[in-house]
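The values are calculated or read from the model by the stated rules, or taken from the named source; none is laboratory data. Computed from a predicted structure; not experimentally measured. Positions of Cβ are generated from backbone atoms using ideal geometry, with glycine treated the same way; all protein chains shown enter the neighbour counts.
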């Protein structure tokens, strides 16, 4: 992998991943842990954030502090599973703007089909963080990135819980400047396009639809 693929290496992440991989983990716990890991991914993705200096008054005296301009950021979950990560990021940057893109996978071709696209105003001026728990074939991620580029977005990052080597390779080939932040890189995709060992269908497990 190259420097634009950042894999979290932490015992706590390993522990959390073990829980959500387990098919017996319930919807509530699964959903909560997805949000927790998303928060940690956001923490790492914002390590290069630019701060501005302002003056405030503490209970003791006036002082200068550095703060984030939250309006500079937009989160774009890929519907529907990506929304499961959203609350975890909003705990970190509550005033970030939110866009949505709706894609579903053609079960025959495994390629994404778009059905919804709505972005905040002035999206081209923001740093956009795309959210999707699973980076499998890379089709949905690549299509989302390309649509954002058409809207003039210059800085894009992609956050996922688990990635497959095939998905990473596609993003590196088609959009090498986009940083990928993931909690784990799994072995491979199976013949149905699911990540192995993975954790199943993240959307169904987040929303309890299966």
Checked the range 41-52 for anything part of a helix (DSSP H, G or I) and out of contact with any helix residue (DSSP H, G or I) (no Cβ under 7 Å at 6 or more places or on another chain); matches are 41, 43, 44, 45
Qualifying residues in the range 126-145 (those that are touching a helix residue (DSSP H, G or I) at 6+ places or on another chain (Cβ under 8 Å) and part of a helix (DSSP H, G or I)) - the one modelled with the lowest pLDDT = 139
Taking the stated definitions as given, is residue 162 modelled with pLDDT of 95 or more and under 21 Å from residue 102 (Cβ atoms)?
-> no
Among residues of the range 70-102, those that are within 21 Å of residue 125 (Cα to Cα), part of a loop (DSSP other than H, G, I, E, B) and touching a strand residue (DSSP E or B) at 6+ places or on another chain (Cβ under 6 Å), counted | 3
Quick one: is residue 162 assigned to a strand (DSSP E or B), farther than 23 Å from residue 71 by Cα, within 15 Å of the chain's Cα centre (by Cα) and touching a residue at least 12 places away in the same chain (Cβ under 8 Å)?
-> yes
Sole residue being part of a loop (DSSP other than H, G, I, E, B) and surrounded by fewer than 24 Cβ atoms within 10 Å (Cβ to Cβ), chosen from 149, 192 | 192
Please work out which one of (1) modelled with pLDDT under 95; (2) more than 27 Å from residue 82 (Cβ to Cβ) is the condition residue 64 fails and give its number.
-> (1)
Here are some residues: 36, 53, 57, 29. Which one is under 15 Å from residue 86 (Cβ atoms) and either modelled with pLDDT of 95 or more or surrounded by 10 or more Cβ atoms within 10 Å (Cβ to Cβ) (or both)?
-> 36
How many residues does the range 1-25 contain that are modelled with pLDDT of 95 or more, surrounded by 11 or more Cβ atoms within 10 Å (Cβ to Cβ) and not in a helix (DSSP H, G or I)?
-> 5
State yes or no: is residue 108 under 30 Å from residue 9 (Cβ atoms) and at pLDDT below 90?
-> no
Kindly establish whether residue 30 is in contact with a helix residue (DSSP H, G or I) (Cβ under 6 Å, 6 or more places away or on another chain) and free of Cβ contacts under 8 Å to residues at least 60 places away in the same chain.
-> no
